[in-house]
Amino acid sequence: MTRSTLLSIALFQAALLAVGFLVSGNNYYMLLLTQVALFAAFVAAWNIIGGLTGQLDLASSAYMALGGIVTSLLWMRLGLPPVVGVWVGGAVAAGLAVLIGIPTFRFGVREVWYALMTASLVVILNNLFRYFMGPWDFYLPNKWGWLYLRPRTYFELFIIVDVVLLAVILVNIYISGSKIGYYLRNIKEDELVSEAVGVDTRLYKLIALAIYSFITGAAGFLQVVIYSSFSYRLFDAGLAISIAIMGIIGGLGSISGAIAAAVVFRALGEYLRSTLGGVIPGLDLLLYGVALIVVGILKPEGLAGLFNQLRRWWRK
Amino acid sequence: MSAPDVVLRVENVTKRFGGVVALNDVTLSVGRGEIVGLIGPNGSGKTTLFNCITGVYKPDKGRVFFMGRDITGLQPHEVAKLGIARTWQKVRPFRNLTVLEAVTTGALLRTDSVEEARKTAVEVLELIGLPREEWGRLGSEITLMEHKLVDLARALATGPKLLLLDEIAAGLRPHEQERLAEVIKKVWSDRGLTIVVVEHVMRFVMSLSKRVVVLHEGRVIAEGPPEEVASNPRVIEAYLGIKPV
Amino acid sequence: MSVGGLLVAVLQQVIDGVFLGLFYAIVASGLALIFGVMDIINFAHGDLVMISAYFVWLISTYLNIDPLLSMLLVLPVLFVLGLAIQKGLINPVLGKEPLIQIAVTVGLGFVLQNIALGYFKAEPRGYPNPVFSEGLSIGPFVIYESKLLSAAVSVLVLFLLDQFLSRTRLGLAMRAVTDDRSSAMLMGINVERVYLLTFAIGMVLVGVASGLWMEMGQVWPYLGTSFSLVSWVAVALAGLGSIRGLAVSAVIIGIAESMGSLISPSVKMAVVYLIFFFILWFKPRGFFAKR
């Protein structure tokens, strides 16, 4: 890891924690900040499959919900503390993801089928869980503590989420500089060339998918903790698409761009929802859609490309 | 030729696309250390043959042997692992990788260490003589000639025994073609490679290979030393309309 | 339920599934045409049907005419809209990485959904005074006039489309581009123009689909999502290049979905998804593909 990377991570963490301290007196802002940080973590995890590998995965919320619900059920039914349960939740999510990746990542199968498989996975799991769980909210037990990853204050919860976010960023950076990262970036550039220089494209795509879905599944429980409950509505197609959108707007493969997009758009979306949401529902999502079209057509390098351009312009 | 000296053997390979027969019962052998030219007009099946050898396509009939081993139907990455590398007819640009990164990826086939792979990549880039200041450029920032050299370097970095060059001279100016031919000869002698060159620019092939195979409409129609093949009436007929330069 | 009763219920679902499938065939044919000719991955296809269905609903309630008549008024609008979308959104991303294409069309779908949500609100809208609402009883089975009429229109439109693709100059050009883009260019086909018209015709099919849907049901902002999914599954099942193959695939999916809803409406999509999964596993190029 280079000094400048290390420095930017340190600065980002310092800023995030500073904001955390500043708003720690206000529960609403604290919760909002925690939400934004968790969202950023999901986007950062998505970056591994979407940004680095170039596979449009639209099932983020499915892995999140599945991991979160498995962890919650293990706790409620079997008494397994979530601090252990999240690993199982992550593994279950990764298992399902790999099952979908195996047919769709075959050499010569077009990208569209993977995008579609994952997009519909969210819808299907939503329907199936509604069928089996019913429309109800299931509340977490009244137990609090680190063992349950469910601290008493929002500030402590924010710290947990922040640690997860930091971990995901570090995983991204580690992968980027390793053999896997080289292979993933090559797959994104050109699958045929990758195969010809000896990259087992399906294997490496599956590795990326497994890492991403494991992280997303394990972190999913934190989403349940924020709500204190879970229902079939956790399988949210809109959320999954939003996560992918942030990764794309951020500039595929750029972890800083992805996180910047996640923070800016989520905060903006939250603001729009709280001010105009009653008048114009869906305005925040409309904005995401417009941003996606604009970025896709005009600036496929996304925010990261914009940053680079500004940097060059600044140096002149 | 005794078996161990045959690096590549293609036996009765047939490949159809829908109703079109792209390769029709093609048989050929390539000996160790040879540079064989594979020529033929556009659409004669040259690239399809490469794709059948490297596992991009599976032949409908026939078998492909590499160093005596049956590699028919293997996945492209498995073929690469065994030691067959190739370059591409159409430039396949890499937009977001640097030259050095692209070549390093090739070298990662033989090692898990990025450091080591980078060393191999540096060696190969020096061997083909790409100036050091180009190494940090992105694929979108280099010329066609540089692309061809990087493509070659990336293939070499995988540590192949057999190198397949698919119309590598296409689109280059004559002096660039000459330089490329020099580079190919250099890596051939330096690495002790076996090379198959697909071209429809006859002159380029003649400067490189002592033996030429001619494909036409998916069949081998002639084989032999370049001068002999160039005067073969069947070859001239096949090339009619395409000037044999 | 007795065995006989169950049999009747199952057969009734099969009948309804065929009707549903014929409707899906229209939705999927627009998608397949655009995908085949332009190689563009359109994820907003279902959402375009949804928006068009709102147009149909507006005209029908305003003029108090049957949705199938409103549909005729909507078709020219969609043709023009198709030209505009093709020029503004699709052309700039033609030939780009699939991910960028998908991103732009997903963005378009998101925009359409949320415009609909903001303007029409979330509750489903349907034409309040349908003319063909009677159910015809044939033995133990019930067939609704609206479905029968829609099915007739579907078959007619599919037939016309098939004739168009095999008889007219433009249709043949479209097929030539689907089969082999570079040769088509060499043969002197104006590919730009073919693209433009293909998208516009695809949008006309979207318009037809929306009219058929409003004849049978209601529209809400998220209606399009499942249409997109189902039509892609139909394309996966059929492969490209044959309208008949596509129609058969769409009907198979319609029947499967209908049978699934016999268990519960919330598992019907899961049935479709499973089919999709197995197609990709065993036959990733489709069953009716010519290539």
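The values are calculated or read from the model by the stated rules, or taken from the named source; none is laboratory data. Note that the structure is a prediction, hence the values are computed from the model and not measured. In this analysis, Cβ positions are derived from the backbone assuming ideal geometry, glycine residues included, and neighbour counts consider all displayed protein chains. Heads up: the accessible areas ignore ligands, DNA and RNA and are worked out on the full protein's heavy atoms, side chains in. Shrake-Rupley method; radii C 1.70, N 1.55, O 1.52, S 1.80 Å.
Details
- Restricting A:280, A:255, A:259, A:293 to residues that are at pLDDT below 85 and β-branched (Val, Ile, Thr) narrows the list to A:280.
- Counted as qualifying within the stretch C:25-143 are the helices (runs of 4 or more DSSP H) with 1 or more residues that are acidic (Asp, Glu), in contact (Cβ under 8 Å) with a residue 24 or more places away in the chain and within 13 Å of chain A (Cβ to nearest Cβ), namely C:45-63.
- Taking the conditions (1) under 30 Å from residue B:113 (Cα atoms); (2) in contact (Cβ under 8 Å) with a residue 12 or more places away in the chain; (3) out of contact with any Leu (no Cβ under 6 Å at 6 or more places or on another chain); (4) away from chain B (no Cβ under 11 Å) in turn, residue A:191 satisfies each one other than (4).
- In the stretch C:193-243, of all residues being of a type in the set (Ser, Thr, Tyr) and within 14 Å of the chain's Cα centre (by Cα), the one that is nearest to residue C:128 (Cα to Cα) corresponds to C:210.
- Which listed residue, of B:80, B:85, B:117, is in a strand (DSSP E or B), in contact (Cβ under 8 Å) with a residue 12 or more places away in the chain and under 19 Å from residue B:187 (Cα atoms): B:85
- Yes/no for residue A:165 being at pLDDT below 95 and either among the hydrophobic types (A, V, I, L, M, F, W, C) or closer than 23 Å to residue A:27 by Cα (or both): no
- Residue in the stretch C:10-17 that is closer than 29 Å to residue C:108 by Cα and at pLDDT 90 or above present: no
- Picking from residues in the stretch B:20-30 that are of a type in the set (A, V, I, L, M), farther than 24 Å from residue A:198 by Cβ and in contact (Cβ under 8 Å) with a residue 40 or more places away in the chain, the one that is surrounded by the fewest Cβ atoms within 10 Å (Cβ to Cβ) is B:21.
- Restricting the stretch B:167-196 to residues that are outside any loop (DSSP other than H, G, I, E, B) and of a type in the set (D, E, K, R) leaves a set whose member that is nearest to residue B:144 (Cα to Cα) is B:176.
- Flag for residue C:280 being in a helix (DSSP H, G or I), open to solvent by less than 10 Å² (accessible area, probe 1.4 Å), farther than 23 Å from residue C:87 by Cα and more than 14 Å from chain A (Cβ to nearest Cβ): no
- A residue that is of a type in the set (Phe, Trp, Tyr) and more than 21 Å from residue A:196 (Cβ to Cβ) occurs somewhere in the stretch B:193-216.
- Among the residues here, residue A:45 does not qualify as without any contact (Cβ under 8 Å) to a residue 12 or more places away in the chain and of a type in the set (Gly, Ala, Ser).
- Output for the stretch B:46-77, where each listed residue is open to solvent by 50 Å² or more (accessible area, probe 1.4 Å) and either in contact (Cβ under 8 Å) with a residue 60 or more places away in the chain or part of a helix (DSSP H, G or I) (or both): B:67, B:68
- Test result for residue C:178, surrounded by fewer than 19 Cβ atoms within 10 Å (Cβ to Cβ) and β-branched (Val, Ile, Thr): no
- Pairing each residue of the stretch C:173-186 that is more than 9 Å from residue C:37 (Cβ to Cβ) and part of a helix (DSSP H, G or I) with any residue that is at pLDDT 75 or above and hydroxyl-bearing (Ser, Thr, Tyr), provided the two are 6+ apart or on different chains, yields C-beta distances under 9 Å for C:184/C:178.
- Selected residue [more than 26 Å from residue B:238 (Cα to Cα) and more than 14 Å from chain C (Cβ to nearest Cβ)] from B:55, B:45: B:55
- Looking across the stretch A:254-283, the residues that are open to solvent by 10 Å² or more (accessible area, probe 1.4 Å), farther than 16 Å from residue A:169 by Cβ, free of Cβ contacts under 8 Å to residues at least 60 places away in the same chain and in a helix (DSSP H, G or I) come down to A:264, A:265, A:268, A:271, A:272, A:273, A:274, A:275, A:276, A:283.
- Residues in the stretch A:1-57 that are β-branched (Val, Ile, Thr) and open to solvent by 60 Å² or more (accessible area, probe 1.4 Å): A:2, A:19.
- Here residue A:223 meets each of (1) at pLDDT 95 or above; (2) within 16 Å of the chain's Cα centre (by Cα); (3) open to solvent by 30 Å² or more (accessible area, probe 1.4 Å) with one exception, condition (3).
- Residues that are under 13 Å from the mean Cα position of the chain (by Cα) and within 17 Å of residue B:126 (Cβ to Cβ) within the stretch B:150-170 comprise B:151, B:152, B:153, B:154, B:155, B:156, listed in sequence order.
- Considering the stretch B:146-179, and only residues there that are aliphatic (A, V, I, L, M) and farther than 20 Å from residue A:194 by Cβ, the residue that is least open to solvent (accessible area, probe 1.4 Å) turns out to be B:169.
- Breaking point among (1) without any contact (Cβ under 8 Å) to a residue 24 or more places away in the chain; (2) closer than 30 Å to residue C:261 by Cα; (3) open to solvent by 10 Å² or more (accessible area, probe 1.4 Å); (4) facing chain C (nearest Cβ under 8 Å), for residue A:123: (1)
- Selected residue (criterion: nearest to the other protein chains (Cβ to nearest Cβ)) from residues of the stretch A:194-211 that are open to solvent by 30 Å² or more (accessible area, probe 1.4 Å) and of a type in the set (Val, Ile, Thr): A:207
- Test: residue in the stretch B:91-106 that is in a helix (DSSP H, G or I) and within 17 Å of residue B:13 (Cα to Cα): no
- Condition check for residue B:33: on the phi > 0 side of the Ramachandran plot, in contact (Cβ under 8 Å) with a residue 60 or more places away in the chain, more than 12 Å from the chain's Cα centre (by Cα) and not in a strand (DSSP E or B): yes
- Subset tally (residues that are at pLDDT 90 or above, under 30 Å from residue B:73 (Cβ atoms) and open to solvent by 10 Å² or more (accessible area, probe 1.4 Å)) for the stretch A:96-120: 3
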